[in-house]
Amino acid sequence: MGLAGYLGKRAVRLVLSLIAVSMLTFTLLQLAPGNFADLQRVNSGATNFGGVGTESMVGELESRYGADVPVWKQYLIFMKGAVVWDFGPSYKYASRNVQDIIAEAFPVSATLALLAVLLALLIAVPIGVFAALRQNTKTDHATMFAVTLGHALPSYLTAAFMILLFSATLKLLPSGGWNGPEDLILPVLALSLGPAAVLARYVRSSMLETLREEYVTAALAKGGPRRTVIIRHALRNSLIPLVTVAGPLLAALMTGTVFVEALLRIPGLGLYFANAAASRDMPLLMGTAMFFALILMVTNLVVDLIYGLLDPRIRTVGGGSHDGH
Amino acid sequence: MAKRASSVPLAGQTRRDFLRLSGLTLAAIGGSWSLTGCGLFGDDSKAADGQSTLKIDYVPVEVLDPQVITNGMWILSRGISEGLVTQNEKGDGVLPAVASEWKVSDDHLTYTFTLRDNAQWSDGKPVVAQDFERTYKRLFTPAATSAGGTTLGANSYQVSTGIKGGKDFLAGVLTDWSKVGVKATGDHELVLTLSNPNPDFLLALTHPAMLPLPMDLVESKPKDWQNPPNYVSNGPYTVIEWVQNSKLILVPNEKYWDRGNVKLGRIQVNLVEPSAAATATVAYENGETDLVQLAGPDVLRFQKDANLSKELEQTENYSILYLAKLRSQHPAMEDVRVRKALSLALDRKTLAGVQPGQEPGVSLVTSRTGGWDESLGIKEDVAEAKRLLAEAGYPNGQGLPPVRILVGVPDTTLADAMVDSWTKQLGIKASVDHVESGVYTERRWQVQKGNYIGFYYGTFAGLPTWPTMVGSLWSPKNVQEISLPSDQWQKYQSVQENKNLKPADKTAQLDAILAGHASKPALEIGALVDQANTEPDDAKRMELYKQAAKLREEQYLYLPVLWLSLFHAVKPKVKGLQLRAYPDYFYLKPLSVGS
C-alpha cells in the first residue's frame, strides 16, 4: 500500500469522524433545554413587549425544515446539504447562509492564528534554546518558571490585561474592533503567549535530547565552532518535534477563540460557534462544529505527512501508525 | 521501507528543498492575505475620521429585518427606517414623519394618513402608501418574514395595535386580506382601521415592526436584501457596510425628504458582545466610541469622577424588574397570602440601594404613566407579612419549602439581595436558582416538581401608557394563564402544542380553558381592560385601567420589585441627544458633533 492507499484510508476515517461529530452535535442540541425562538425572545428587546403569540413563532421556526418534520428528518435534510457544502441559512443570522458566515469569519480567525503561531515560534525557539543551554542553572529555572506562568494564564486574562495596559493606561492601541492592521496587535499578542510557553518547553526538552546525541558530540569533538554546531546540527533537528505541536495548535487557534474575539470585538468564527450553541441555532452550530472537526483532522493529516517527510524514520509500515498528537 | 518512502511525493527532494518550498508557500499565503487585507477588515475601514463622524456602541445585530425579533430592530427605528410617525422628545406623543398629517374618525376606529409627496427610499424610489400596505401584509402573514428561507415569525406586537382582522389573519383564522384594516387608498393615502379604539395607536406605530420595507427588493432578493450594497431604507441614514459582530456603517440617505436636517456625515456603530461590556468604557475613555451604555459598577465610577460624571446621562425609570409566580406541584404558592407576604417583605428600599439609579418598584405600572398615584402602590409591612404566613399555615416559615428565584441572566446581584431580604425579614429559607438561559426559558413554563416553589425573574420596559402597562405587559391573558391551576395549565399547554388543530379550533379551546378555569379576579381584569379599550371618555377609561391594575396587584401573581434606570456615557462633543425611556433609547436624526 502506498501513499494513495494511506490517504484513502485517512479520508474514509475523516468522513466517518465527521458523521460521528454531526450526529453527536445534533443529539446534544436536541437534548439541550430551550429552543431558538424562546431564547431569541428572552434575549432581545422582544421581552419589552410582553409575551403574546409565542406559539406561532415556534411553529413558524420549525417550518423552516417543512411543517412538522420529525427531528431525524431535519438531520437528514441538513446532512444532505452539508455534503455539497450547503448548510442552509442560520437561524440567528437569518440573512446569511452558514457557509457564507464561515467564508467570511474563518479568514479573520485564521489570520490571527497564523500570526499568533508565528509569533509564538519566534518567542519560543530562542527561549527554549537559551534555557536548554543553561540546563539546571538559575537562569534555566527562572525562564521555565516564567514560561509555566505564561502557559497557565488563559488568553482572555492576557487580553484583558493588555487592554488595561495598552489601551486604558498607555492609550497606545485601540481596545478592540476590527478596522485596520493595528487591531491585530493585541489579539495576536494575547493569543501567542500561551502557545509560546508550550512551544518553549518543547524546544527546551527537544534541544536537551539532541545535545546529548552522538553526532553533536562528534561535531563538537571535530572542533566545529560551538555556535555553528548548535544552530546547524542541534537546533535544526530538535525543531522537528515542534511540527506535531504547532500543527494542532494552529488548528485550535484557527477555529476561533471565543473569549479573545468577544473581548476584543473581533468578528471571528469562535464567536459564531459560541453564539450558535447559546442560541440553539441548529444549522450554524452543526456547520461550525463540522467545519472545526474538518480543520482539526486535515491539520493532523498534514502534520503526519510533513513529519514523515522531515523524518523518514517515522514512516512505518502502512504509514498511518502515527497520529500526530 | 525504502520503497514506501519513495512513494511519497516530494521524496526525491531533500528536506532543505521542502523547507524552502513550504517557506515560499507561507510567504505567498501571507502576501495574498496582506493584499486582501482591506477586505479582511471590511471595505470601508480607511474612511477618515472627520468632524461629522459619530461612533456609538451597540449590541450585535444579527438581522436588519424590523419584523424579526432581534436587537437589530431597535437600531432600525433609531433612524435607518422611518415610519408614519416618530415619537416626540419625551416619548409620550408623536410627530409627523412619512405621514405629514392624519385624520382620526369620530369613533376613533379609522386613521387616514396623508403621506408626504417627497418621501423617498435611498434608491430614489418614492415611498408610497402601497409600501406600507405590503409591509403590513408581510407582518400579518404567518411565516412571511422569510429571510433566506428562515421564517422567524413576525413580532407578536402588532396584535396590541388592534388593527382590525390583524390577529385573525396572523392566526390563519382569516385568510382574506381585504378584510384586514390596512388599505392604500392612493399613492399617498393610507387608511388603517382598528377593531377597538386604542388611545396608544399612534405611539404604537413607532414600534420597529411598523416601519416600512422596500417590498420590491424584499421580494426580488429574499436572501440578500439586508446586505449592503443591496440595502435600501427610507430614514435619515442608511447602511452602507455591515460586518457581522463588528460594525455597521451608516451614511446619510441622500434622498431623505428632510436631508437638510441630517447633520452627521457618517456613523460607525460598533457591535459589541454583551460579554465584552466590562471593557466598553475603556473604548469610551480611549476615544474609540462617543456613546456607550454603562453597567452598574461603571456608573458608580463615573459618578465619583469629577469629569466623567458630567458625561453621564440617566434615563430614569426605564424598566421594571419583577418576579412571576412559578407553577408547582406543591400548593404553597397557590395561596395568595403566601405570595402577598413575600411581596410585603421584599424590603424594596434596601434593594434599591444595591445598584445606582434604582427605585423601589411599588407597582407593575410605572409612576411615569400619566395619572399614576400612590393608591396603586404596595405598602410594605413585615408584621403583616408574618401574620399572613402564619395564617396560611407557615408560622415563621415553618413547613414552607425554600422559595426559589429562577434567574436566566448572568447577573444575580439583585436576586441575591431579594433572598437576603426574605431570610432576614421573614426567617424563611430562600435561594437563587441560577440557570443557563435555555434552561430558564423552558423551566419557567413547567409545573415544578416536588416541593420546588418560587418565582421567575424578569424585566419589562414599554410605553408608559395605561393600555401598554395594563393591556400589553403582564396582559390580562398572561394573568389568566398564570392563575390556572397546575392541571389546567398542563392541559392548556398541550392544546398550544397540538399541531393537528385548526387555528380557529385551537384559539377556541384555549379561550375555553381560560374562561372556565382562570381565577375570577383574573377574568375580571380581562373584562375591565376590554371595557377600558372601548371607553371613549378619557377620565372614565383611565379609571377602568386603574381598577384593572389595582386588581392585578392584589393577585400577587407578578410582584413588582424595582424600577430601573438606564445609563449612558456621552462625549461632550455629541449634540442634540434626546434620550427617551423606550427600547431604541434615542433617535439619530437630531444628533450632531461639535468641537
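Laid out as a table, the results:
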quantity: Matching residues in region B:373-420 - criterion: being buried (at least 18 other Cβ atoms within 10 Å of the Cβ), modelled with pLDDT under 95 and small (Gly, Ala, Ser); calculated: B:397, B:408
quantity: Residue match in region A:169-183 (condition: touching a Ser or Thr at 6+ places or on another chain (Cβ under 6 Å), modelled with pLDDT of 85 or more and part of a helix (DSSP H, G or I)); calculated: no
quantity: Unique match (being open to solvent by less than 30 Å² (accessible area, probe 1.4 Å) and at pLDDT below 95) among B:283, B:295; calculated: B:283
quantity: Condition met for residue B:531 (open to solvent by 70 Å² or more (accessible area, probe 1.4 Å) and out of contact with any strand residue (DSSP E or B) (no Cβ under 8 Å at 6 or more places or on another chain)); calculated: yes
quantity: Scan of region B:483-503 for residues that are in a helix (DSSP H, G or I), open to solvent by 50 Å² or more (accessible area, probe 1.4 Å) and more than 11 Å from every other protein chain (Cβ to nearest Cβ), ordered by number; calculated: B:487, B:490, B:491, B:494
quantity: Residue check for residue B:101: farther than 19 Å from residue B:251 by Cα, among the charged types (D, E, K, R) and part of a helix (DSSP H, G or I); calculated: no
quantity: Failed criterion for residue B:584 (all others in (1) under 24 Å from the mean Cα position of the chain (by Cα); (2) closer than 30 Å to residue B:342 by Cβ; (3) buried (at least 19 other Cβ atoms within 10 Å of the Cβ) hold); calculated: (2)
quantity: Yes/no for residue B:387 being of a type outside the set (Gly, Ala, Ser), more than 29 Å from residue B:303 (Cβ to Cβ), more than 24 Å from the chain's Cα centre (by Cα) and not in a helix (DSSP H, G or I); calculated: no
quantity: Residue ranges of helices (runs of 4 or more DSSP H) in region A:1-63 with at least 2 members at pLDDT below 75 and more than 10 Å from chain B (Cβ to nearest Cβ); calculated: none
quantity: Test: residue in region B:543-555 that is out of contact with any Leu (no Cβ under 8 Å at 6 or more places or on another chain), surrounded by fewer than 22 Cβ atoms within 10 Å (Cβ to Cβ), in a helix (DSSP H, G or I) and free of Cβ contacts under 8 Å to residues at least 12 places away in the same chain; calculated: yes
quantity: Among (1) open to solvent by less than 10 Å² (accessible area, probe 1.4 Å); (2) within 14 Å of chain A (Cβ to nearest Cβ); (3) in contact with a Pro (Cβ under 9 Å, 6 or more places away or on another chain), the one test that residue B:463 misses; calculated: (3)
quantity: Matching residues, region B:245-294, being within 14 Å of chain A (Cβ to nearest Cβ) and assigned to a helix (DSSP H, G or I); calculated: B:274, B:275, B:276, B:277, B:278, B:279, B:280, B:281, B:282, B:283, B:284, B:285
quantity: Candidates B:124, B:79 - the one that is surrounded by 18 or more Cβ atoms within 10 Å (Cβ to Cβ), touching a residue at least 60 places away in the same chain (Cβ under 8 Å) and on the phi > 0 side of the Ramachandran plot; calculated: B:79
quantity: Single residue of B:184, B:209 found to be of a type in the set (Gly, Ala, Ser) and within 24 Å of the chain's Cα centre (by Cα); calculated: B:209
quantity: Test result for residue B:199, within 13 Å of chain A (Cβ to nearest Cβ), touching a Ser or Thr at 6+ places or on another chain (Cβ under 8 Å), more than 26 Å from residue B:283 (Cβ to Cβ) and not hydroxyl-bearing (Ser, Thr, Tyr); calculated: no
quantity: Test: residue in region A:186-194 that is farther than 25 Å from residue A:104 by Cβ, out of contact with any Leu (no Cβ under 6 Å at 6 or more places or on another chain) and either assigned by TED's automatic domain parsing to the domain that holds residue A:288 or of a type outside the set (A, V, I, L, M, F, W, C) (or both); calculated: yes
quantity: Selection count, region B:184-210, where residues are of a type in the set (D, E, K, R) and either more than 24 Å from residue B:95 (Cβ to Cβ) or open to solvent by less than 50 Å² (accessible area, probe 1.4 Å) (or both); calculated: 1
quantity: Selection status of residue B:236, farther than 19 Å from residue B:110 by Cα and modelled with pLDDT of 85 or more; calculated: yes
quantity: Residue within region A:234-248 that is in contact (Cβ under 8 Å) with a residue 24 or more places away in the chain, within 13 Å of chain B (Cβ to nearest Cβ) and within 14 Å of the chain's Cα centre (by Cα) present; calculated: yes
quantity: Count - residues of region B:299-320 that are more than 12 Å from chain A (Cβ to nearest Cβ), under 23 Å from residue B:561 (Cα atoms) and either surrounded by 15 or more Cβ atoms within 10 Å (Cβ to Cβ) or of a type in the set (Phe, Trp, Tyr) (or both); calculated: 5
quantity: Residue B:288 within 19 Å of residue B:588 (Cα to Cα), open to solvent by 10 Å² or more (accessible area, probe 1.4 Å) and in contact with a Pro (Cβ under 7 Å, 6 or more places away or on another chain); calculated: yes
quantity: Residue match in region B:433-441 (condition: of a type in the set (Val, Ile, Thr) and away from chain A (no Cβ under 14 Å)); calculated: no
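To keep it simple, each residue is scored yes or no on (1) open to solvent by 30 Å² or more (accessible area, probe 1.4 Å); (2) within 14 Å of chain B (Cβ to nearest Cβ); (3) farther than 24 Å from residue A:191 by Cα; (4) in a helix (DSSP H, G or I).
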{"site": "A:87", "(1), (2), (3), (4)": "no, yes, yes, no"}
{"site": "A:93", "(1), (2), (3), (4)": "no, yes, yes, no"}
{"site": "A:101", "(1), (2), (3), (4)": "no, yes, no, yes"}
{"site": "A:113", "(1), (2), (3), (4)": "no, yes, no, yes"}
{"site": "A:120", "(1), (2), (3), (4)": "no, no, no, yes"}
{"site": "A:136", "(1), (2), (3), (4)": "yes, no, yes, no"}
{"site": "A:145", "(1), (2), (3), (4)": "yes, no, no, yes"}
{"site": "A:149", "(1), (2), (3), (4)": "yes, no, no, yes"}
{"site": "A:161", "(1), (2), (3), (4)": "yes, yes, no, yes"}
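The values are calculated or read from the model by the stated rules, or taken from the named source; none is laboratory data. The model shown is predicted, which means the values in this text are computed figures rather than measured ones. All Cβ positions, glycine included, derive from the backbone under ideal geometry; neighbour counts span all protein chains shown. Only protein heavy atoms, including side chains, enter the accessible area calculation; ligands, DNA and RNA are left aside. Shrake-Rupley method; radii C 1.70, N 1.55, O 1.52, S 1.80 Å.
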